[in-house]
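A short write-up of the structure that comes next.
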Amino acid sequence: MSGSAGEQYEWKNIDKLHTEEAVRKTLRLGVLISGDGSNLQALIDAIAQRELPGMEIALVVSNRADAYGIQRALQQRIPVIYLPWEKRSAMLSSGADMSASETKLTALLQLFQVDLTICAGWLRIFTPAFVSQFPRRLINLHPALLPDDGIGNTFTTSDGTVIPVFRGLHVIKQALAAGVKVTGSSLHYVMPEVDAGPVICRAEVAIEPGDTEESLHERIKQVEHRLIVEGVRISF
Ligand code: GRF
């Protein structure tokens, strides 16, 4: 399917595993953020415009108190919680398989009866123990192109070019440094491995001469605002 601004969209056929939830009246979304929250806003707007029928945002969680996304949630009277995130070193030294922050987050998601959790600009890595609680109920927006199964180190773009898969920190900078002509964004199910997991949908974005990390990220975000809405619609 082609996007209106020339982006290439691909939608994956994901098994509908959650029959019980599919017939339930309202699907309750939890949105995890760390910053601006423009993708949270895209979901808020889509729900307001009835583009996500039967869905509501039950809870927003931010690991940063100064994340602007908190204000976006408050403006809509959506429950929002600041949850300071434990340092990885503290967790590792405790010997636990899940961090104290993850235990709190798990309790919050249960308390607010969240059906599907969306990492929308969430900049913290989860432990395998946390992830394994939410098979196909935890999804992530990753500002680079991931292969269908979410694993592997190369991706073939729509024009047949093979490019590296960018994961981890500063993936937009990584794409610019690699000199690729196309990058994009992928919405995928979260697996224990970082930035890996079956792709729900993704979009390509052309890199233009003179692009900076900021200019490219801005164009990727514009695409993501549609991608996240369509992906959430088909993900559950
Ligand atoms: C998005 O580009 C997302 O892909 C990445 O962080 C950015 C978040 O943007 N993980 P925002 O906070 O939704 O504006």
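One residue is enough: does region 99-110 have a residue meeting the conditions away from the ligand (no atom under 15 Å from the Cβ), acidic (Asp, Glu), within 21 Å of Arg226 (Cα to Cα) and modelled with pLDDT of 95 or more? Steps first, please.
To start, the set of residues in region 99-110 that are away from the ligand (no atom under 15 Å from the Cβ) comprises 99-110.
Still in the list and also acidic (Asp, Glu): 102.
Adding the requirement that they be within 21 Å of Arg226 (Cα to Cα) leaves none.
No, there is no match, as no residue in region 99-110 is away from the ligand (no atom under 15 Å from the Cβ), acidic (Asp, Glu), within 21 Å of Arg226 (Cα to Cα) and modelled with pLDDT of 95 or more.
Every residue, every condition in (1) farther than 20 Å from Phe155 by Cα; (2) at pLDDT 95 or above, yes or no:
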{"site": "Gly184", "(1), (2)": "no, yes"}
{"site": "Met191", "(1), (2)": "no, no"}
{"site": "Asp195", "(1), (2)": "no, no"}
{"site": "Glu204", "(1), (2)": "no, yes"}
{"site": "Ile207", "(1), (2)": "no, yes"}
{"site": "Ile220", "(1), (2)": "no, yes"}
{"site": "Glu224", "(1), (2)": "no, yes"}
{"site": "Val229", "(1), (2)": "yes, yes"}
In region 204-236, what residues are under 23 Å from Leu116 (Cβ atoms), surrounded by fewer than 23 Cβ atoms within 10 Å (Cβ to Cβ) and more than 11 Å from the ligand (Cβ to nearest atom)?
Arg226, Val229, Glu230, Arg233, Ile234, Ser235, Phe236
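Among the residues of region 43-74, what is the count of those that are at positive phi and small (Gly, Ala, Ser)? Walk me through how you get there before you give the answer.
Taking region 43-74 first, the residues at positive phi are 50, 54.
Next, only the ones that are small (Gly, Ala, Ser) stay: 54.
Result for region 43-74: 1.
Residues of region 141-164 being free of Cβ contacts under 8 Å to residues at least 24 places away in the same chain and within 12 Å of Val182 (Cα to Cα), which ones? So that I can check it myself, show each step before the final result.
We begin by selecting, within region 141-164, every residue free of Cβ contacts under 8 Å to residues at least 24 places away in the same chain; these are 152-156, 159-164.
Correct list: Phe155, Thr156, Asp159, Gly160, Thr161, Val162, Ile163, Pro164.
If only one of Ala120, Ala196 is crowded, with 19+ Cβ neighbours inside 10 Å, within 12 Å of the ligand (Cβ to nearest atom) and closer than 24 Å to Ala42 by Cα, which one is it? Steps first, answer last, please.
Working: Ala196 fails: within 12 Å of the ligand (Cβ to nearest atom).
The conditions single out Ala120.
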Residue check, Arg77 in contact with a strand residue (DSSP E or B) (Cβ under 6 Å, 6 or more places away or on another chain) and either at positive phi or exposed (fewer than 13 other Cβ atoms within 10 Å of the Cβ) (or both)
no
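Conditions tested, residue by residue: (1) in a strand (DSSP E or B); (2) over 30 Å from Glu51 (Cα atoms).
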site	(1), (2)
Phe155	yes, yes
Ile163	yes, yes
Glu204	yes, no
Leu216	no, no
Val223	no, no
Arg226	no, no
Test: Thr183 is touching a residue at least 12 places away in the same chain (Cβ under 8 Å) and surrounded by fewer than 17 Cβ atoms within 10 Å (Cβ to Cβ):
no
Filter region 165-193 down to residues that are part of a loop (DSSP other than H, G, I, E, B) and in contact with a strand residue (DSSP E or B) (Cβ under 6 Å, 6 or more places away or on another chain) and give me whichever is farthest from the ligand (Cβ to nearest atom).
Val180
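The values are calculated or read from the model by the stated rules, or taken from the named source; none is laboratory data. Bear in mind the structure is a predicted one, so any value in this text is a computation, not a measurement. A quick note on method: Cβ atoms are made from the backbone with ideal geometry, for glycine too, and the neighbour counts reach across all protein chains shown.
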